[in-house]
Amino acid sequence: MRGPTERLNVTGNITRREFAVGSACAVGSLAAGACLGTTAPGEPTARVAAVRGANLATMTRDVLDGLGGIGTVVGEGETVFIKPNMVTLPGAVQSNPFASGECTKPEIVVAVAEECLKAGAAEVVIGDGSHQPVLRWDLATTLDGSTNLAQEAVRLTAAYGRPVRVASLEVDSPAWVEVPSGTYLGTIAVSSLVANADRVISIPVAKTHSWAQLTLALKNFIGVTPFTRYGEFVNGYWDRGKEFDHSSTAAIAAIYLDIVKGIRPDLAIVDFSIGVEGDGPTLGHGGHRVDMKERLGSWLLIASTDLVAADATAARIMSHDPARMTQLRMGYEMGLGEIRGERIELVGERLEDLRVAWTPAQLRNRLASSPGGCPVFGPMGCGRNV
């Protein structure tokens with residue numbers, strides 16, 4: 001057996017993170033949702049922390065404390081990859097995608113990066129692959145406009161003497177690593193910055209999605225794939241619909257769930273400050289802005305080392321039934337995590353105090369360029385959105 005410090009490569013060698021997950025299961029840990037089936041009947045198999053407030057940086061540290069602190073996830077000398085949702089960052093010159101709810105708030109990302117450094121991380125990479133080869137990270141500004149991710153990466157590097165960098169995955173990835181897929185693709189290429197990191201953290205913003213029902217911690221990983229391999233250039237941006245089957249919610253979920261299975265993310269933090277309801281993931285797509293201060297009375301963050309449990313809890317907060325969310329059912333059936341409410345321990349808040357009305361998306365899965373998709377064309381898809 002290979003040593004625990006070896007990382008994922010194209011030959012499929014064991015990674016440090018895979019070793020850690022296996023070791024955690026051996027001692028009964030709930031980490032990463034990898035130990036399903038090892039607990040006694042009726043006992044929780046996942047924990048989700050929830051924190052309300054008005055200061056996102058403070059809330060981030062508090063929600064991590066609710067899980068026992070970032071030190072339970074990130075160890076001394078480890079490399080960390082943080083994946084926010086920066087779907088409309090390329091359009092930030094024209095409009096503010098953070099105030100609109102389309103993108104993860106930089107305040108959260110910066111706070112997580114700093115906590116990782118405090119835990120001894122050797123390097124932190126913040127990255128996404130959002131529709132353009134090069135992203136303007138200086139446009140990833142905090143809600144108060146006082147700073148941005150590019151500036152904060154420089155500040156944190158200087159303060160801690162260990163690198164924090166921002167990465168546009170299309171051009172900054174040293175290589176692309178193939179992870180196995182049970183779909184027609186066979187394997188899926190993901191950035192080596194993600195695949196070879198010791199720890200991977202998903203930080204999505206809460207949104208509904210007209211092709212996927214929800215876009216949360218799981219679907220966030222579509223953005224770690226190369227769009228020059230899987231996409232087509234349409235109306236000024238790259239769209240991964242060319243090669244990724246979007247003909248049903250199940251078809252596209254099968255792809256990003258295989259990515260999750262291959263890279264085994266370690267932590268999710270869901271941004272419930274300002275998000276998108278209705279036909280997201282963007283306002284231009286048909287979504288509508290949701291400010292949780294107006295709907296809940298405060299902003300909210302939830303976090304878990306079980307990404308499926310985090311997304312299932314987010315779905316419940318959004319008044320969506322996890323059992324009817326294709327990606328959550330599939331993730332649970334694949335053994336990626338927990339969706340059963342009675343098996344998820346929520347700490348910090350009560351679920352009944354967090355639920356809000358959240359308009360669902362009207363599904364309209366695309367068909368024209370979907371390999372293996374259904375042959376009948378129409379605006380609402382093939383009726384397979386179950």
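Bear in mind these aren't lab numbers, they're just calculated from the coordinates by the rules spelled out. Fair warning: this is a prediction, and the values are worked out from it, not measured in the lab. Positions of Cβ are generated from backbone atoms using ideal geometry, with glycine treated the same way; all protein chains shown enter the neighbour counts.
Figure the gain on full extension for ARG162 and LYS118 (residue separation times 0.36 nm, minus the Cα-Cα span) and round it to one decimal in nm. Display every interim value, and only then the final one.
On the way: separation 44, 0.36 × 44 = 15.84 nm, distance 1.05 nm.
Full extension of this stretch gives 14.8 nm more.
Going by how many other Cβ atoms sit within 10 Å of their own, how do GLU294, GLU102, GLU152 line up, fewest first?
GLU294, GLU152, GLU102
Quick check for me: using +1 on Lys/Arg Cβ and -1 on Asp/Glu Cβ, what's the dipole size of the stretch 45-344 about its Cα centre, in debye to the nearest 20?
Around 300 debye, computed over the stretch 45-344.
Rank PRO226, ALA197, GLY241 by how far each Cα sits towards the positive end of the charge dipole of the stretch 186-245 (+1 on Lys, Arg Cβ; -1 on Asp, Glu Cβ) and give me just the farthest.
Most positive-ward Cα: ALA197.
From the backbone phi of the stretch 100-117, what are the Karplus-calculated ³J(HN,Hα) couplings (6.51 cos²θ - 1.76 cosθ + 1.60, θ = phi - 60°) in whole Hz, Gly and Pro given as x?
7, x, 7, 10, 5, 6, x, 3, 5, 4, 5, 5, 5, 4, 5, 5, 5, 5
Given a cut-off of 31 Å, name the pairs among LYS105/LYS261; LYS118/LYS242; LYS83/LYS242 whose C-alpha atoms lie farther apart than that in the structure shown.
As for pairs spanning more than 31 Å Cα to Cα, those are LYS118/LYS242.
Can you sort ASP353, ASP279 from fewest to most other Cβ atoms within 10 Å of each residue's own Cβ?
Sorted ascending by nearby Cβ count, the order is ASP353, ASP279.
What list of ³J(HN,Hα) couplings, whole Hz, do you get for the stretch 296-302 from phi and the Karplus terms 6.51, -1.76, 1.60, once you set θ to phi - 60° and write x for glycine and proline?
Rounded to whole hertz, the list is 10, x, 6, 7, 8, 10, 10.
With r defined as the distance between the Cβ atoms of SER146 and GLU333 and R0 fixed at 51 Å, what FRET efficiency is calculated, to the nearest 0.05?
0.70
Can you run phi through the Karplus equation (6.51, -1.76, 1.60; θ = phi - 60°) for the stretch 203-209 and list ³J(HN,Hα) in whole Hz, with x for Gly and Pro?
10, x, 9, 5, 8, 8, 8
Take the Cβ-Cβ distance between ARG355 and ASN96 as r, set R0 to 22 Å, and report the resulting FRET efficiency rounded to the nearest 0.05. Mind dumping the intermediate values first?
On the way: r = 28 Å, r/R0 = 1.27.
Step by step, r from the Cβ atoms, then E = 0.20.
Only counting other Cβ atoms within 10 Å, I'd like THR359, THR326 sorted with the fewest neighbours first.
THR359, THR326
Go ahead and run the numbers for FRET between GLU232 and ASP291, Cβ-Cβ distance against an R0 of 35 Å, rounding to 0.05.
Once rounded, the FRET efficiency stands at 0.55.
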